[in-house]
Amino acid sequence: MPIGVFDSGYGGLSVLREMQRVLPDKDFIYLGDSGRAPYGGRDLATILDFAEQCTELLFAEGCKVVVVACHTVSCVALRHLQHRYANDERRVLGVTVPAAENAVAVARGRIGFLGTRRTVGSHTFRTEVAKLDATAEVKEVAAPLLAPIVEEGWECGEIARLAVQQYVEQLGEVDTLVLGCTHYPLLKAVFEEVLPDGVNLLDPAPFVAGRFMDWLMRHPSFSESAGSGLVRVLSSGDTARFAVNAERFLGKVPSVVEFVSERGGRLVFSAEGSEPTGQFLR
């Protein structure tokens, strides 16, 4: 049975890459909702709707476990998804708790966190850190420009450097910085250039993958079949563009990217290019 992973766009492929590294024999279905990205500036009701649609599609495609790679959804909608869909045969897991665990394990008391406006506004990361270490100081800063910069492929340019520098300056003195969006790891080189010496820069993806592997070992009923290392990739955006950008996150170009779009409040497989252009009436 495949493992489902979804994100608002390309970024979650960085999580999938790490999951494939530790679980090379497992099959995965990745859904990148790039046609409706980014999620970080959306209102709560819309994020819940999109998250439900992504989760339902992955379960309908045979997944028994869905990993919410999107930090925004994980911070604001994970409990809702678990309450609505999880049972003895289906589970929904997120990335926020592993990210907090990773930060507390390496930090020296002052943790910085960058994410989307909705992620930061939820304060879920701060809450999870406090459960693990009530003495840790957490400074959360919204960085709404960074995900679109990465989506455009501009992470190596001056625009990226200036944006990262502005957000880092808002953090003040921290000893550890958590990249709280799956797009941000592609800006790692820029962060390393801008950050003061001695600051730990954390991409939670490897830790998330390790924690998921541990979870599967403790829940063998969700890991019955070994699989063959296959990956299906679904996208609600331009599939050709998605395939090209996927290489930056996944390390390889997907053989096929299947197109899905919203119809009647659900994500369904569709013929790409069937959307009307110009003005139209409902």
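Numbers for the structure displayed
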{"read-out": "For K139, residues with placed amide H under 5 Å, excluding near neighbours", "value": "I111, G112, F113"}
{"read-out": "At 1.567 mPa s and 4 °C, Stokes D of segment 172-212 from Kirkwood alpha-carbon radius, µm² per second", "value": "118"}
{"read-out": "q = 0.15, 0.19, 0.22, 0.25 Å⁻¹, segment 175-256: log10 I(q)/I(0) [Debye, one scatterer per Cα]", "value": "-0.82, -1.04, -1.10, -1.16"}
{"read-out": "Stokes-Einstein D (µm²/s) once Rh is taken as the Kirkwood radius of segment 1-120 over alpha-carbon pairs, at 10 °C in 1.306 mPa s", "value": "107"}
{"read-out": "Sparse-neighbour loop sites [trypsin sites (Lys or Arg not before Pro); segment 67-115; at most 12 other C-beta within 10 Å; DSSP]", "value": "R108"}
{"read-out": "Fewest-first sequence of H183, H219 by Cβ atoms within 10 Å of each Cβ", "value": "H219, H183"}
{"read-out": "Value of [θ]222 nm, deg cm²/dmol, for the chain, DSSP H segments ≥ 4, -39500 (n - 2.57) each, nearest 500", "value": "-12500 deg cm²/dmol"}
{"read-out": "Sorted peptide list for 3-12, 258-267, 42-51, criterion being average Cβ within 10 angstrom, highest first", "value": "3-12, 42-51, 258-267"}
{"read-out": "Spatial separation of Cα centroids for segment 21-40 and segment 62-109, in angstrom", "value": "14"}
{"read-out": "For segment 5-163, size of Cβ-based charge dipole, Lys and Arg +1, Asp and Glu -1, in debye", "value": "460"}
{"read-out": "Links that overshoot a 27 Å alpha carbon limit, given the list K188/K252; K26/K139; K26/K252", "value": "K26/K139"}
{"read-out": "Estimated Rh, the chain: Kirkwood, alpha-carbon pairs, angstrom", "value": "19.1"}
{"read-out": "Cα-centre dipole for segment 99-203 with unit charges at Cβ (Lys and Arg positive, Asp and Glu negative), debye to 20", "value": "360"}
{"read-out": "Whole-angstrom gap from segment 114-131 to segment 211-282, using each part's C-alpha centre", "value": "27"}
{"read-out": "Span-like helix ranges in the chain, DSSP H, alpha carbon extent 18 angstrom or more, Kyte mean at least 0.5", "value": "44-60"}
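Readers should treat all values here as calculations from the given coordinates under stated rules, not as data from a laboratory. Everything numeric in this text was worked out from a predicted model, so none of it was measured. Here Cβ is always computed from backbone atoms with ideal geometry, including for glycine, and neighbour counts include all displayed protein chains.
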